[in-house]
Structures are given as C-alpha cells and as structure tokens.
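Just below is one structure, and these are the notes that go with it.
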Amino acid sequence: MAAPSSATAAGPGVPAPSGGPALPPELADATRDDTALRRFLHGLPGVDAVGLEQRAATLATRSIKKASKLWAIDTAISMVDLTTLEGADTQGKVRTLCAKARRPDPEYPEVPRVGAVCVYPDLVATAVEALGASGVGIASVATAFPSGRSNRTVKLADTELAVQAGATEIDMVIDRGAFLSGRYGQVFDEIKAVKAACGSAHLKVILETGELATYDNIRRASWLALLAGGDFIKTSTGKVSPAATLPTTHLMLQAVRDWKDQTGELRGVKPAGGIRTTKDAIRYLVAVHEVAGPEWLTNTLFRFGASSLLNDLLMQRRTQLEGHYSGPDYVTVD
C-alpha cells in the first residue's frame, strides 16, 4: 500500500456533502415508493460469505513497509473520531478529551489532529468551546442513541439540539426493528428527515451491523442509507457485540465504491467499536486501499470510531521515531 501525499493523508476535515447531480434512473426509481425500494434492495447481489471472509482474512495478513508505517499511523490518527459516550461523562472529561484531540502528543507537535470528537448532544457546547477553531470536527450521536427506540419527533429534536449547540457531524442510528421487519420505506424516510434536520452538518448513519444478522442485510442497509442521503455509513454504536469487523467493513466499502461508480459521488465509511490497536487500524487501512481505493485514504471519507485506539497509535508512533517501545506512562491514557 503506497502512501499518498501527506497533505491528503493528515489534514483534518469533514465528509464531502451528499448533494450533487441527479441520481441515475435505476437509483432514482428505487426511491419512488416502498415497493420500488424493496425491489431494489432485494435485487442486490447476494453476498458470498465464504469469499468475503476469506478475502478479508487474506488482506489482514498484508504488511506495510517500514518506511510507510509512520505515514499509516499518522493517517490513522487523523481518522479517529475520539469518542466518549458514557452516562458518567462530565464537562471536565470532555474538555480533557478535546485537548488531546487538538494535540494528541504534546512532545511531537507535528502529530496530526484527530478527525473529530464525538459526544452526547448535551455536551456538544462544551466541545465547541474547548475545540475553538482547531479544525477538529464536533460529532454528536443522536436519534435516541444507541437503541433508536423513540418516535421520530423525539429523534429529530435530538438531532436539532446537537446541531444548534454546534455539532458539525451527526451520528444517527437506524431503526433496526423497522429494518428487520422489512419496513424499508420507514427507515428511508427517517434517514431523509434526519439529514434535513442536520442542515450543514454531515450525517453518519449507524447500521448496528451486529444486530442485522446477515451479510445480505448489511449490504441492503448500506445501500438504503446511501439512497437516503447519508454522507457516511457506520458499522456500530460500540454498545453491541459484535461491533466493527473486517468483513462487514469490506461490504460497506464495496457499497461506497459502487455508489461512486454509479453516481460519481464520494461517500464515507466509519467502522466503530473494538478497534484498539495500531495493527488493527493498519488492517483497516489496507482494506480501504484494496476494496474502495486510495481515494478513500483520507479522513473526509474514512473514520475510526474509537476511544482507546489513539493511545496505541501514539505509543507505536514513538516506537517508530525513538527505536524503542514507549509504554502508556509516556502518553496520556484516557
């Protein structure tokens, strides 16, 4: 995997908007009504589970040259959505997280900023104040995260609360019950309504792949989210096991690649939950390069939802520079 230019890899940013040219006739027709949407989603090619898992496992064995490893680490750092989503979150914890997001390793100021800080809606204002004009995105979960079990009025109010407080990115959860019951039009309409409530904020649509049960469902949910206007498709809330896996991320990368082939639009992917080590992150970067393409190796199109990954990336970065392993005593560990 060759390293793109550093300007592309490390610069902070947010996803490209999902506006653009009209959809091709086949995709436009798929959104005409619930029957057309069902026909389209169930007409997608079935997933070869064995082939998918074998390819994901094979790509996971790939290594990168030592000269590229520092680039890969910096790229991964720039893609992290540094996240705290606990009931015990405080303003102080969020301020500390934001300080780390702005300057992940104070002894190495060249380390890139993370992609975003992700918090609950009531803590967005704290993040806005702490991040200032740093360029770090301010993401907030919404729509009755993580279950999605509420009515649409509440979900839209949740979204509007976060946006009004200054969120630049919204991570919504789909109604998995509706999806698994085959009520695709309901899920589609809800994503569209949340997208409208986002205004200028970008929308990441969480599929909660661990609850969708089959690869075919994950493929359908990915396309449903893209058709409804999601700027990113995201694997998981991090609250359900399994969370992100390489095979499910491969499927979602295939979806955004095929979306680009059919529409010319670039949409992003965000695996979240369970990605904790530099080795894990590099495996995902290899998947991005090989499945979607090098164009997606930027934080405008790929993010990691993580809380502990950044710590390991920083320790491994120091190892690359200093020639010996720097333990957690040498970086701030959350």
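Points to keep in mind about this one:
- Across every pair of non-identical alpha carbons in the range 217-274, the mean reciprocal distance, once inverted, gives a Kirkwood radius of 11.4 Å.
- For the range 203-334, the share of alpha carbon pairs falling in successive 10 Å distance bins from zero is 13, 41, 29, 13, 4 percent.
- Helix 184-198 vs. the chain, principal-axis angle (Cα, 0 to 90°, nearest 10): 50
- The 3J(HN,Hα) values that the Karplus relation (6.51, -1.76, 1.60; θ = phi - 60°) gives for the range 125-136 are, in residue order, 4, 5, 5, 4, 5, 6, 8, x, 9, 5, x, 6 Hz. Gly and Pro appear as x.
- Given +1 at the Cβ of Lys and Arg, -1 at the Cβ of Asp and Glu and no other charges, the dipole of the range 117-200 around its Cα centre is 340 debye to the nearest 20.
- Under 5 Å, built H, 5+ apart or other chain: amide partners of Val119: Ala139, Ser140, Val141
- The shape of the chain can be summarised by an equivalent ellipsoid whose semi-axes, obtained from the alpha carbon gyration tensor, come to 31, 24, 17 Å from longest to shortest.
- 3J(HN,Hα) couplings calculated from phi for the range 232-244 with the Karplus curve 6.51 cos²θ - 1.76 cosθ + 1.60 (θ = phi - 60°) are, in sequence order, 10, 10, 10, 5, 8, 7, x, 9, 10, 10, x, 9, 5 Hz; Gly and Pro show x.
- Fully extended contour minus Cα-Cα distance, from Arg103 to Gln262, at 0.36 nm per residue: 53.3 nm
- A straight Cα-to-Cα reach below 12 Å connects Lys192 with the aspartates and glutamates Asp231, residues fewer than 8 places away in its own chain not being considered.
- Here the gap between Thr96 and Thr153, fully extended at 0.36 nm per residue and compared with their Cα-Cα distance, gives a gain of 17.2 nm.
- Amide hydrogen proximity for Ala306: with H placed 1.01 Å from N in the peptide plane, the residues at 5 or more positions away or on another chain lying under 5 Å are Asp81, Thr83.
- The relative contact order of the range 249-314 comes to 40 percent, based on Cα pairs under 8 Å that sit 6 or more residues apart.
- Under 5 Å, built H, 5+ apart or other chain: amide partners of Ile233: Val205, Gly268, Val269, Lys270
- Residue with peak Gaussian network fluctuation, the chain [Cα springs, cutoff 10 Å], from Thr153, Thr96, Thr237: Thr153
- Selected from Leu70, Thr237, Val124, residue furthest toward positive end of dipole (the chain; charges at beta carbon): Leu70
- Acute angle (nearest 10 degrees) that the helix 91-102 long axis makes with the longest principal axis of the chain, alpha-carbon atoms: 80
- Nearest 10 degrees, 0 to 90: helix 49-60 Cα axis against the chain principal axis: 20
Since every read-out is calculated from the coordinates, none of them should be taken as a lab result. Since this is a predicted model, take the numbers as computed values, not measurements. Heads up, the Cβs are rebuilt from the backbone with ideal geometry, glycines too, and the neighbour counts pull from every protein chain shown.
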